[in-house]
Amino acid sequence: MARAICKMKRTLIVLFPLLALVAVAQSFHEGIIGEAEFEVVRTKQQTVLESTLEAGLPVIDIHTVGGEEPTCDYVNAPPGALGRSITNATKVPARAIIYEADGTISYDSGDYVKDASGITIKIRGNNSAFVEKKSYKLKLQHKVALLDGSAPDKDWVLIKNDILSLNTRIGLKVNELMGMVWTPKGKYVNLVLNDDYRGIYMLMESVNRNISGRINVDSKEGRIFEWDPYWWNEDYYIEDSHNNKFTFKYPEPDKLSSAERDRMHELLDSIEDAIEAGNYARYLDIKSFVNWQMAHDILGTYDGAGSNIYFTLYDDTSKVQMTTLWDFDTIERQWEGWSGIHYAQDFWFYRLFQSEDRTFALAYLKRWKEVSHVIFKAMTAWLEEYTQTTEYAGLVLSYPLDMKRYNCNSLSPQKDIQTAKNWFATRREWMEAAIAYEIDGIQNKSSTINGQCSIKYDLQGRRCRKNAQGIYITNGKILLSSHPL
């Protein structure tokens, strides 16, 4: 069967010649390059593409004009800010062809002609862009639905896999099971850029407005904005009364009038005041906020700095809503602690839990009772089912290529499946105890000694592991342990 499939792929590639060779062939026919040079280029292109296709995942094959490589400049945060990021990312014109796993072509952008055909590709990300393997943003010159069930759009992203092989797929499934308004569509692909294999990526819908899908906010009054730790690298941001900085995904900042900017500033300050006063439900869609926070708590996301936390305002009369989760690089890190954003004391979620108005906390507790009996079982079952899919089989075959390309041998889909199974098998128990003590106010007998809770936390508020040493907090007291707890 495998030999038949490989033979079929090779036959398809012969029957459907590599369109990326067109420019080279034109140069050959025009006498710019000789026959020997043409054969070397053609052989290399066919060999890289064919060997990549044999790994079993779809392949996105991109050739930039003149072989230009996307570049960027690297910048560090100014004094008083955090992080590092990129600037001056070049938008490189290119042609993109998507080959499905069977070798058939599902998309061909054509050669780049501004506003007519082709694509541009540029490096995306912040701290993640400082390593060799980059993520990319693709801009199509006309709208196309690149994924099954997606709406036509110009904006797409290639999210790299270099932390966990399945982190994005797992995060999106939890997003779906928690009932978030929108779950971005995506599929794993192998990327070949200018005849160089670049590894496994998730081709995904990006966060932006789309009247047929994604986030369909009102064209005039709608807003998509982000709590953004990289505000210092943006042309425009809004700072609220708690020094939180927000940037805009829609509309672009230069499309906002001064009056519209003032209204957004007033709204954000009003939310801050309402959280302090305990009447925040007038501004926030509590259900979506609860689903978003609980999803991150279930996933145990480590990052709490605020990157990729998106808010939606559909029009001037609607409440602010959490529409989707996005960043999954640090899931399954907080084995015995809340997600990082749960601890972020300066931002909204932590203060909603601490507010004397228990609307948010009680809604969280109610939602937990609704989902806790089903979501962990559902994720365990889904992980098992996923191992039977063709995408998973393609990941298993593709990861040795990715690891070889970047001189790494620590990742594999098989390891990540087992890690995820262990995570969802144990996460419910920890959350049950933590919610009972910290949110419901009930002291779980199994977590108490002489009527007091014995759960221990480090100085960052993370629950300590059983073998932790050093300074910790329990029952509101700071204690020092020189031996395992």
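The values are calculated or read from the model by the stated rules, or taken from the named source; none is laboratory data. This one's a predicted model, so the numbers in the text were calculated from it and none came from an experiment. Reconstructed Cβ throughout: ideal geometry from the backbone, glycine too, with neighbour counts over all protein chains shown. Calculation scope for accessible area: heavy atoms of the full protein, side chains included, ligands and nucleic acids excluded. Shrake-Rupley method; radii C 1.70, N 1.55, O 1.52, S 1.80 Å.
Among the residues of region 260-272, not a single one is touching a helix residue (DSSP H, G or I) at 6+ places or on another chain (Cβ under 8 Å) and outside any helix (DSSP H, G or I). Looking across region 359-374, just one residue is among the aromatic types (Phe, Trp, Tyr) and farther than 14 Å from Ala295 by Cβ, and that is Phe360. Scanning region 340-376 for residues that are under 26 Å from the mean Cα position of the chain (by Cα) and basic (Lys, Arg) yields a count of 2. Being at pLDDT below 95 and over 26 Å from Ser150 (Cα atoms) is a property that does not hold for Gly67.
Conditions (1) crowded, with 19+ Cβ neighbours inside 10 Å; (2) assigned to a loop (DSSP other than H, G, I, E, B), marked per residue:
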{"residue": "Asp316", "(1), (2)": "no, yes"}
{"residue": "Thr324", "(1), (2)": "yes, yes"}
{"residue": "His342", "(1), (2)": "yes, no"}
{"residue": "Gln345", "(1), (2)": "no, yes"}
{"residue": "Phe349", "(1), (2)": "yes, no"}
{"residue": "Phe353", "(1), (2)": "no, no"}
{"residue": "Asp357", "(1), (2)": "no, yes"}
{"residue": "Leu362", "(1), (2)": "no, no"}
{"residue": "Leu365", "(1), (2)": "no, no"}
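Could you list all residues from region 327-340 that are of a type outside the set (Gly, Ala, Ser) and open to solvent by less than 40 Å² (accessible area, probe 1.4 Å)? Asp327, Phe328, Thr330, Ile331, Glu332, Gln334, Trp338 - these are the residues of region 327-340 that are of a type outside the set (Gly, Ala, Ser) and open to solvent by less than 40 Å² (accessible area, probe 1.4 Å). Being of a type in the set (A, V, I, L, M) and at pLDDT 95 or above is a description that applies to Ile119.
Residues in region 81-106 that are surrounded by fewer than 16 Cβ atoms within 10 Å (Cβ to Cβ), out of contact with any Asp or Glu (no Cβ under 9 Å at 6 or more places or on another chain) and not charged (D, E, K, R): Ala81, Leu82, Thr104, Ile105.
Condition check for Tyr136 on (1) within 19 Å of Ser398 (Cβ to Cβ); (2) open to solvent by 30 Å² or more (accessible area, probe 1.4 Å): one failure, at (2). Among the residues of region 371-410, which ones are closer than 21 Å to Lys133 by Cα and of a type in the set (Gly, Ala, Ser)? Gly394, Ser398, Ser410 - these are the residues of region 371-410 that are closer than 21 Å to Lys133 by Cα and of a type in the set (Gly, Ala, Ser). Quick check on region 207-227. Is at least one of its residues closer than 29 Å to Ser109 by Cβ and touching a helix residue (DSSP H, G or I) at 6+ places or on another chain (Cβ under 7 Å)? Taking every residue of region 207-227 in turn, none turns out to be closer than 29 Å to Ser109 by Cβ and touching a helix residue (DSSP H, G or I) at 6+ places or on another chain (Cβ under 7 Å). Quick one: in region 112-129, of everything that is open to solvent by less than 60 Å² (accessible area, probe 1.4 Å) and among the hydrophobic types (A, V, I, L, M, F, W, C), which residue is farthest from the chain's Cα centre (by Cα)? In this case the residue turns out to be Ala116. Against the conditions (1) under 26 Å from Leu395 (Cα atoms); (2) open to solvent by 30 Å² or more (accessible area, probe 1.4 Å); (3) in contact with a strand residue (DSSP E or B) (Cβ under 6 Å, 6 or more places away or on another chain), Tyr230 satisfies every one except (1).
When restricted to residues that are of a type in the set (S, T, N, Q) and assigned to a helix (DSSP H, G or I), region 367-391 contains 2. If you filter region 410-439 down to residues that are over 25 Å from Glu50 (Cβ atoms) and part of a loop (DSSP other than H, G, I, E, B), you find that the one that is modelled with the highest pLDDT is Ile439.
Counting only residues that are of a type in the set (Val, Ile, Thr) and within 14 Å of the chain's Cα centre (by Cα), region 130-167 holds 3 of them.
Would you check if Arg214 is at negative phi, open to solvent by less than 40 Å² (accessible area, probe 1.4 Å) and basic (Lys, Arg)? Judged against the criteria, Arg214 is not a match.
Across region 153-173, the qualifying residues are those that are in contact with a Pro (Cβ under 7 Å, 6 or more places away or on another chain) and not in a helix (DSSP H, G or I), and the one among them that is surrounded by the most Cβ atoms within 10 Å (Cβ to Cβ) is Ser165. Would you check if there is a residue in region 174-197 being open to solvent by 20 Å² or more (accessible area, probe 1.4 Å), modelled with pLDDT of 95 or more, over 24 Å from Asp115 (Cβ atoms) and assigned to a helix (DSSP H, G or I)? Scanning region 174-197 turns up at least one residue that is open to solvent by 20 Å² or more (accessible area, probe 1.4 Å), modelled with pLDDT of 95 or more, over 24 Å from Asp115 (Cβ atoms) and assigned to a helix (DSSP H, G or I). If only residues of region 270-308 that are open to solvent by less than 10 Å² (accessible area, probe 1.4 Å) and of a type in the set (Val, Ile, Thr) are counted, the one that is farthest from the chain's Cα centre (by Cα) is Ile275.
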